[in-house]
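Before any comments, here is the structure.
The values are calculated or read from the model by the stated rules, or taken from the named source; none is laboratory data. Because the structure is a prediction, the values reported are computed rather than measured. Note: ideal-geometry Cβ built from the backbone for every residue, glycine included; neighbour counts use all protein chains shown. Accessible surface areas use protein heavy atoms only, side chains included; no ligands, DNA or RNA. Shrake-Rupley method; radii C 1.70, N 1.55, O 1.52, S 1.80 Å.
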Amino acid sequence: MRIFIILVLFIISSPSLFAQQLISGIVTDAKTKDPLAFANVSSSESNGTLTNINGSFTLTLGVTDSILKVSYIGYQTRSIDLSKDKKEFQIELAPKAQILETVLISSKENPANKIIQKAIQNKKLNDPTKVLDSYKYKSYNKFLIDNLDQSVKVETDSSNIAINEVVNVGRAYLSEKVSSHVFSKSLDPREIVEGIKTAGFRDPVYDVLALKVEPLSLYGENYTIYKTDYAAPLDNHEAFENYNYKILDTLTNQERPAYLIYFKPKRERVVAGLEGVLYIDTTSYAIQKATAQLAGSVKLKIVHEYNYYENKDLWFPSSQLVTIQPGSGEKDISVFGGSISLGSVQQKKSILNSVLGSGTPQEGLYLESKTINYDLEFNVPVNVKNSDASILVLENAGEHSVNYWAANRKLPFTFKDELTAMKVDSIIQFNNIERKIEVKKGISNGYYPVGLWDFSLKRFIKYNNLQGFRLGVGGKTNNKFSERFSLNGFFIYGTKDGNVKFNAGAGLVLDKNSGTELSFNYTDDLNEVASFSYLRGTEAFYLLQPRYGNINEFYRYKKFQINLQHPFSPRFRSEVELSTARINPIIDYTYSSGGDYFEDYQIAEAKLGFSWKPFSNYVSTPEKVQEVRTGYPQFTAQIDKGFSKFLEGDFDYIKFGFKMDYKIFRLDQSISEIILEGNYINGNFPITHAFNAYPNNPNKEEIISRVSIAGKMAFETMYFTEFYSDRQISLHLRHQLRPINITDKIQPELVFVSSHALGDFKDQSAHKNIQFNTLNKGYSESGIEINQIFAGFGLSFAYRYGAYHLPTFKENFSFKATFILKI
């Protein structure tokens, strides 16, 4: 009955939708037939629009509008009579000689370039983050996915007419947000989400906060929208390298005159750029308004509106509108990722999308995000708790009443919006959307959730020369089991060595707000000789794990450990471990120390590890803290202390590890990376607890027999067991050129790689029955990778040179496959 009443109300209200006439058309050059981007189309002084980059336009006419006026710089203006019967127009403009005397600077110089240069020079006077000591304001955001076809079809022959109609009329996705924003010169811009609501979902959906759909300002060096960086039209250094500029017109906006400057990318295949129009104040050279578009893997349309504050002589953003439509198809346009049809406009082809596909998005969908800024205050005290989170969601943000939303909405909430909750709810249930979102998030972290248990994807199967196939199962409990208490474990069987390996553990969240957690684990497993792992290192999930199949020297350990994790902040995290382990090397090895000889031994250790990501951005929600932008450089450090005569430990030593990872992402899509690592150990220690330099070359004679999967930080030409160190430093340099665009689906990536290591070993004689070199002469190799040739696979070539160069070519040369799975 409720649905029937809603449907009746909709039908009664429908005539109001047609009180105004919507017209559309395209504007072209009369001679060349080329579309004219950003031509001015108006039906009155207060009602007009600019054409899109393909020359098309839509305009809603007022009741009294009778003439359509179309103008463009260098073309004759046309006036066209309007009638109720005609809704589509094909308009051609004839070129003419025209000079704008008011903006002409010299006959030899493009006047638009002079204006842009002045706008760049005056950024320090016009950018609110430069000219103001502080500011704060509130914003309302409405984020929706809808169908371009706004028509309504009623199926009168169906017994489910009301339900079908509600599902057809409601939007495909709708989210609302109310936020406070603060800025000061001593504080990064901060957004505090006071209210968030997602139609059809029982709980708030925070995924939309990580999309960065509507950037606030055009004054930055880069312009980031929907997780992609574009060249900014007012970039201090490369504006004129990236864009061509042209004056289209002069006009008045909020009683202030403005130049209308058209900008278009110069190097579209090299640098990601937008095509649009800047309204530049003729006096202050500030941005009054901006529109921009892109037609590529996605179709973007962006509109920035500004308000002028005379007392500050400042234009401040008042609203941002972003519309995204499907393009060539090689990019996901989605809230949850392209594998989830709900909240998707376009899906790219990928393995994860194929496995989890919940259907193809409807045709004709578009994404629209509009933000209204209000209650602006300049140079006022800003009191915000210091946090690394750039977006902070308040605890009660998802619990507000209908009255709260009615009072805080700054955009109309239409009848169609009201129906969205029922439509989304039906889609969620019919397509099992919440389950697919859960699975997608689990797989991205290396787990497959089933009920209370998350199965570890890396535990099912592996292979190496010693164990054969490692077959097993493992994982951990999830929040459905408990939000405070967790269990974890694995059970593995090696088909070649015939041994069982296992782990069992438990964890307890001591403080949910800070993320402090205490855990206990017992593990019986194998580990690589002389490997070093960081407590706070990022453990990436690999479908095909580099190096593992080539490792030929292991030790067995039976270890009990207690760990305490405590994040001092999202950017700075710490972990402490206390452990005792029985070590049995699976090699012919004896360690001599103080007159004693050890073939197996007890290791008692305390570890303290840190990770620091000073330039990453985070969203803090009531559920968790999520990294939404990975910044560089990143730092990881660790101190290990071995104890003798404590927990039955046999050796006393101290061990240090430090790693820095620095990536530089450029607008031309090239990427440079520097990975610097240093390790040091002092005291009495067996070879199992020294360092290798991450070798990845099997000890086989022929090149073809050494083919395997290349690793990111590995030395591809360094043989396993060839070098060990008690102190070492390594440097890996990588430079990836922009993808080679052969076709939309085949875009291989060429990477230049250079790796170097220097190390030493103080007392090799204490380590019996084992022979190895040191790195005291310095090790070097260089090579190239051709990644993403087909289905994630590529090729790697490396050559060893310098002090450790070997006699023959095949001994120095490495040929391997690369595998990068983009899910």
Checklist entry - Filter region 535-546 for residues that are within 16 Å of ASP640 (Cβ to Cβ) and touching a Gly at 6+ places or on another chain (Cβ under 6 Å); which is modelled with the lowest pLDDT? => result ARG536
Checklist entry - What do you reckon, is PHE415 at pLDDT below 90 and not assigned by the TED database to the domain that holds LEU321? => result no
Item to check | Residue among LYS118, LYS130, LYS96 that is at pLDDT 70 or above, closer than 30 Å to VAL619 by Cα and open to solvent by 20 Å² or more (accessible area, probe 1.4 Å) | outcome: LYS130
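Do any strands (runs of 3 or more DSSP E) lying entirely in region 547-628 carry at least 2 residues that are farther than 15 Å from ASP650 by Cα and at pLDDT 95 or above, and which ones are they? Please lay out each step first, then the result.
Numbers: elements: 554-567, 572-585, 590-593, 596-598, 601-612, 617-620.
Fully inside region 547-628 and qualifying: 554-567, 572-585, 601-612.
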Item to check | Residues (of a type in the set (Phe, Trp, Tyr), open to solvent by 20 Å² or more (accessible area, probe 1.4 Å) and farther than 30 Å from SER390 by Cα) located in region 586-613 | outcome: TYR597, PHE598
Checklist outcome for this item: By residue number, the members of region 395-421 that are under 28 Å from PRO449 (Cβ atoms), of a type in the set (A, V, I, L, M, F, W, C) and part of a loop (DSSP other than H, G, I, E, B) are ALA397
Checklist entry - Would you pick out the residues in region 133-155 that are modelled with pLDDT of 60 or more and not in a strand (DSSP E or B)? => result ASP133, LEU148
Next on the checklist: Of the conditions (1) in contact (Cβ under 8 Å) with a residue 24 or more places away in the chain; (2) outside any strand (DSSP E or B); (3) open to solvent by 50 Å² or more (accessible area, probe 1.4 Å), ASN311 satisfies every one except a single condition; which number is it?
Outcome noted: (1)
Item to check | Failed condition for GLY338, given (1) at pLDDT below 75; (2) open to solvent by 10 Å² or more (accessible area, probe 1.4 Å) | outcome: (2)
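Being farther than 30 Å from SER593 by Cα and either β-branched (Val, Ile, Thr) or open to solvent by 70 Å² or more (accessible area, probe 1.4 Å) (or both): is that true of ASP763 here? Give the derivation first.
Numbers: farther than 30 Å from SER593 by Cα: no; either β-branched (Val, Ile, Thr) or open to solvent by 70 Å² or more (accessible area, probe 1.4 Å) (or both): yes.
In short, no.
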Checklist entry - Out of all the residues in region 771-807, which are open to solvent by less than 60 Å² (accessible area, probe 1.4 Å), in a loop (DSSP other than H, G, I, E, B) and either at pLDDT below 90 or farther than 30 Å from SER592 by Cβ (or both)? => result GLY792, GLY802, LEU806
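For (1) acidic (Asp, Glu); (2) more than 30 Å from LEU471 (Cβ to Cβ); (3) touching a Ser or Thr at 6+ places or on another chain (Cβ under 8 Å), each residue gets a yes or a no:
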residue	(1), (2), (3)
ALA389	no, yes, yes
MET422	no, yes, no
ASP425	yes, yes, no
ILE433	no, yes, yes
ASN445	no, no, no
VAL450	no, no, no
ASP454	yes, no, yes
Next on the checklist: Quick check on this structure: which one of SER644, SER533 is open to solvent by 40 Å² or more (accessible area, probe 1.4 Å) and under 24 Å from LYS462 (Cα atoms)?
Outcome noted: SER533
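Residue-by-condition table, conditions (1) at pLDDT below 85; (2) polar (S, T, N, Q); (3) assigned to a loop (DSSP other than H, G, I, E, B):
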position: ASP203; (1), (2), (3): yes, no, yes
position: ASP229; (1), (2), (3): yes, no, no
position: THR252; (1), (2), (3): yes, yes, no
position: ILE280; (1), (2), (3): no, no, no
Next on the checklist: Would you confirm whether or not region 734-753 contains a residue that is closer than 24 Å to ALA690 by Cβ and touching a residue at least 40 places away in the same chain (Cβ under 8 Å)?
Outcome noted: no
Next on the checklist: Looking only at region 156-199, filter to residues that are open to solvent by less than 20 Å² (accessible area, probe 1.4 Å) and assigned to a loop (DSSP other than H, G, I, E, B); which one of those is modelled with the highest pLDDT?
Outcome noted: ALA199
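Return yes when PHE490 is outside the structural domain of SER620 (by the TED database), surrounded by 14 or more Cβ atoms within 10 Å (Cβ to Cβ) and either touching a Lys or Arg at 6+ places or on another chain (Cβ under 6 Å) or not in a strand (DSSP E or B) (or both) and no when it is not.
When the stated conditions are applied, PHE490 passes them.
Pick from ASN699, ASN741: which is open to solvent by 50 Å² or more (accessible area, probe 1.4 Å), modelled with pLDDT under 95, part of a loop (DSSP other than H, G, I, E, B) and within 21 Å of GLU528 (Cβ to Cβ)? Spell out the reasoning first.
Details: ASN741 fails: within 21 Å of GLU528 (Cβ to Cβ).
After applying the criteria, what remains is ASN699.
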Checklist entry - If you check every pair at least six apart or on different chains, which have Cβ atoms under 6 Å apart with a residue in region 407-434 that is closer than 18 Å to SER319 by Cβ first and a residue that is among the hydroxyl-bearing types (Ser, Thr, Tyr) second? => result LYS410/TYR140
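Can you tell which of ALA272, ALA292 is assigned to a strand (DSSP E or B), open to solvent by less than 40 Å² (accessible area, probe 1.4 Å) and of a type outside the set (Ser, Thr, Tyr)? First the steps, then the outcome.
Numbers: ALA272 fails: assigned to a strand (DSSP E or B).
One residue alone meets the criteria, ALA292.
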Next on the checklist: Taking the condition of being under 26 Å from the mean Cα position of the chain (by Cα), among the aliphatic types (A, V, I, L, M) and at pLDDT 85 or above, how many residues in region 365-387 meet it?
Outcome noted: 1
Checklist outcome for this item: Within region 702-738, residues in a helix (DSSP H, G or I) and surrounded by fewer than 15 Cβ atoms within 10 Å (Cβ to Cβ) come out as ILE704, SER705
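Can you pull out every residue in region 548-562 that is touching a residue at least 60 places away in the same chain (Cβ under 8 Å) and hydroxyl-bearing (Ser, Thr, Tyr)? Working first, answer last.
Filtering region 548-562 for residues touching a residue at least 60 places away in the same chain (Cβ under 8 Å) gives 548-555.
Those that are touching a residue at least 60 places away in the same chain (Cβ under 8 Å) and hydroxyl-bearing (Ser, Thr, Tyr): TYR548, TYR555.
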Next on the checklist: Return the pair list, or none, for Cβ contacts closer than 6 Å from residues in region 782-798 that are on the phi < 0 side of the Ramachandran plot to residues that are of a type in the set (D, E, K, R), at least 6 apart or on different chains.
Outcome noted: ASN787/GLU749; SER796/GLU785; SER796/LYS816; ALA798/GLU716; ALA798/GLU781
Next on the checklist: within 29 Å of PHE720 (Cα to Cα) and crowded, with 17+ Cβ neighbours inside 10 Å: which single residue out of ASN617, ASN521, ASN550 fits that description?
Outcome noted: ASN550
